[in-house]
Amino acid sequence: MVQLEENESAGLSERDAAIEKIATTLSVSAERGLRFAELTSLRVGGAIDWVLSPRTEEQAAALIHQLEERGIAWRPLGSGSNVLADDGEHHYVIVSLKDLKANPVLTAGAFQ
């Protein structure tokens, strides 16, 4: 049992180092120690390992690509409305899209 816990801990450490490197390389805000309760309108939910917050669509796409390429579990989160998360630990990355700023291109006649 102890060996299993040590292996899991080592795996999480490697994963955490990879996440930190991805966030730094892409200049994406990275936070640890947050709870779903801090991010949702219902104010419920347990600890989250990582919250990464891209500011552009390009950052979001690159971030998700890097997480997928490394086999790191992730879940998207918008503004947090109507999200019900349990009080347990959530061992995956939350990609917060709340502050994502798109640069829409409007053309003449777009609203006709």
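The values are calculated or read from the model by the stated rules, or taken from the named source; none is laboratory data. Owing to the predicted nature of the structure, the values given are computational and were not obtained by experimental measurement. Counting neighbours? That spans all protein chains shown, and the Cβs are built from the backbone with ideal geometry, glycine included.
Details
- Residue match in segment 5-18 (condition: modelled with pLDDT of 85 or more, of a type in the set (A, V, I, L, M, F, W, C) and in contact with a Phe, Trp or Tyr (Cβ under 8 Å, 6 or more places away or on another chain)): no
- Flag for ALA30 being within 15 Å of SER96 (Cα to Cα), surrounded by 13 or more Cβ atoms within 10 Å (Cβ to Cβ) and under 14 Å from the mean Cα position of the chain (by Cα): yes
- Of the residues making up segment 75-92, none is part of a loop (DSSP other than H, G, I, E, B), under 12 Å from the mean Cα position of the chain (by Cα), surrounded by fewer than 19 Cβ atoms within 10 Å (Cβ to Cβ) and modelled with pLDDT of 95 or more.
- Scanning segment 22-66 for residues that are part of a loop (DSSP other than H, G, I, E, B), more than 23 Å from SER81 (Cα to Cα) and either of a type in the set (Asp, Glu) or touching a residue at least 40 places away in the same chain (Cβ under 8 Å) (or both) gives no hits.
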